[in-house]
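Report on one structure; see the data block that follows.
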Amino acid sequence: DKYEAKTAYFTTCTTCPPAWNFTGSKISAELGGYAHIKNPILGFAEFPVLWLPYLIVPLKSQRQSGLLVPSFSVYGDYKQTFQFKYFWAISDSQDLTTTLTTYKKGGEKLSLDYLFYLNQTSIGHLQAGTIQDRLFANSEQYSASGGDHPHFNRWFLTYDHFYELPEGFVQTAKLNLISDLLYPKDFASDMTGVGDPALENRLTLHRKTEKSHVSFDTDYYIDLLKQ
């Protein structure tokens, strides 16, 4: 179960050529353990992209903290995009993924993805991100709204949970907050709601018994139909 190779490359891709790989001057790997790579160079297809002095890659199936495989894409007007992610397995019931996305024309965006389980029926999910958007700061939409700052701070926050409380109460929450009305269109991968007339924010509390149902419900909508 142990392997050692010099001037070799490592990948988990099944495509040929692999979509990504790490080349290294020396690779020591153990199945069910880790691959230790000296002088690794990250490559996409056959093109080298990033050099590191040392890298440890897990060869395990169980959940654990560590860097995830970087990704590359072309994202609309923002052109070439690189994503670097770190996964933190906080405990058996919660984890956090931090993502740094670099846009060729827009700048850098920092995003968080937090997921937690209170029990089998109570769960919560939080996502948030922010970017000093150079592309939007130079757009006609921003100029028409009176904006004159070279870096416009754009952000989003989504959150939802389902809690089962004592005495038969159930509490739910759903939040969709944005810095500007064009954010769901420009960054459709961050949140749902593209094409919807409004973003819904909702809090509920209800209790059901064999003979009755009592509920409290409040909604707040962000109108996406405004110019």
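Quick look at the numbers
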| item | result |
| --- | --- |
| Filter result (surrounded by 11 or more Cβ atoms within 10 Å (Cβ to Cβ), at pLDDT 90 or above and assigned to a loop (DSSP other than H, G, I, E, B)) within region 191-223 | none |
| Region 172-189 residues that are more than 14 Å from Ala128 (Cβ to Cβ), paired with ones that are in a loop (DSSP other than H, G, I, E, B) and open to solvent by less than 30 Å² (accessible area, probe 1.4 Å) (beta carbon under 7 Å, 6 or more apart) | Pro184/Met191; Pro184/Gly193 |
| Search result, residues across region 142-190 that are in contact with a His (Cβ under 9 Å, 6 or more places away or on another chain) and either at pLDDT 75 or above or surrounded by fewer than 18 Cβ atoms within 10 Å (Cβ to Cβ) (or both) | Thr158, Tyr159, Asp160, His161, Phe169, Val170, Gln171, Thr172, Ala173, Lys174 |
| Filter result for Ile131 (at pLDDT 85 or above, loosely packed, with under 15 Cβ neighbours inside 10 Å and assigned to a strand (DSSP E or B)) | no |
| Residue tally, condition of a type in the set (Asp, Glu), open to solvent by 60 Å² or more (accessible area, probe 1.4 Å) and assigned to a strand (DSSP E or B), over region 61-114 | 1 |
| Condition met for Ser139 (polar (S, T, N, Q) and modelled with pLDDT under 80) | yes |
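Residues are listed down the side, and each one gets a yes or a no for (1) touching a helix residue (DSSP H, G or I) at 6+ places or on another chain (Cβ under 7 Å); (2) more than 26 Å from Asp95 (Cα to Cα); (3) touching a residue at least 24 places away in the same chain (Cβ under 8 Å); (4) not aromatic (Phe, Trp, Tyr):
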position: Ile37; (1), (2), (3), (4): no, yes, yes, yes
position: Trp51; (1), (2), (3), (4): no, yes, no, no
position: Lys60; (1), (2), (3), (4): no, no, yes, yes
position: Asp77; (1), (2), (3), (4): yes, yes, yes, yes
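The values are calculated or read from the model by the stated rules, or taken from the named source; none is laboratory data. If you're wondering where the values come from, they're calculated on a predicted model, not measured in any experiment. Using ideal geometry, Cβ is built from the backbone for each residue, glycine included, and neighbour counts are taken over all protein chains shown. Please note that ligands, DNA and RNA were not included when accessible areas were found on the heavy atoms of the full protein model with its side chains. Shrake-Rupley method; radii C 1.70, N 1.55, O 1.52, S 1.80 Å.
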